[in-house]
Amino acid sequence: MLQTIDYLDEILERQHRAAAEMAPEFYASELLEALGYYPGEAYGAIERAMRACAALHIPVELNFRRTYCCNEGGMEEDWLLSGLAGYFLVVNCDPRHPAVARAQLLLLNKRYSF
């Protein structure tokens with residue numbers, strides 16, 4: 001009987017960890033601005049990042065949440081991103097932008113030491 005409860009605790013812990021990893025951390029517009037993009041310029045990168053999530057059977061709707069922001073008197077579409085979604089967005093941006101190339105290198109160096 002105790003073994004069953006321990007197993008359920010492990011499942012709940014995994015679910016809480018997964019939910020925390022998918023919690024929105026930042027706006028796509030802020031991340032893209034930091035990478036040197038102008039508003040609306042990197043829509044293709046957002047689409048590719050979403051397709052990467054879908055290809056891995058990771059819930060897109062939990063990692064990319066559509067939102068709208070008021071900007072200069074109008075409403076603009078934006079996305080709340082989880083950490084994973086932000087990662088996918090950075091790796092799907094154009095590395096010809098120097099800030100994107102630096103961010104991609106930083107992500108790589110966090111995982112591997114060269």
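Miscellaneous remarks
- Residues located in the stretch 56-70, provided they are in contact (Cβ under 8 Å) with a residue 12 or more places away in the chain and of a type in the set (D, E, K, R): 65, 66
- If the condition is being open to solvent by less than 40 Å² (accessible area, probe 1.4 Å), assigned to a strand (DSSP E or B) and either modelled with pLDDT of 90 or more or under 18 Å from residue 32 (Cα atoms) (or both), then the stretch 70-87 contributes 78, 79, 81.
- Only residues that are crowded, with 16+ Cβ neighbours inside 10 Å and in a helix (DSSP H, G or I) were counted in the stretch 88-98, giving 4.
- Checklist (1) touching a residue at least 24 places away in the same chain (Cβ under 8 Å); (2) under 17 Å from residue 103 (Cα atoms) applied to residue 33, failing item: (1)
- Residues in the stretch 29-44 include at least one that is at positive phi, open to solvent by 60 Å² or more (accessible area, probe 1.4 Å), more than 11 Å from the chain's Cα centre (by Cα) and not polar (S, T, N, Q).
- When residue 52 is tested against (1) among the small types (Gly, Ala, Ser); (2) surrounded by 15 or more Cβ atoms within 10 Å (Cβ to Cβ); (3) at pLDDT below 95, just one condition goes unmet, and that condition is (3).
The values are calculated or read from the model by the stated rules, or taken from the named source; none is laboratory data. Please read all numbers here as calculations on a predicted model, not as lab measurements. Reconstructed Cβ throughout: ideal geometry from the backbone, glycine too, with neighbour counts over all protein chains shown. SASA here: full protein model, heavy atoms, side chains in, ligands and nucleic acids out. Shrake-Rupley method; radii C 1.70, N 1.55, O 1.52, S 1.80 Å.
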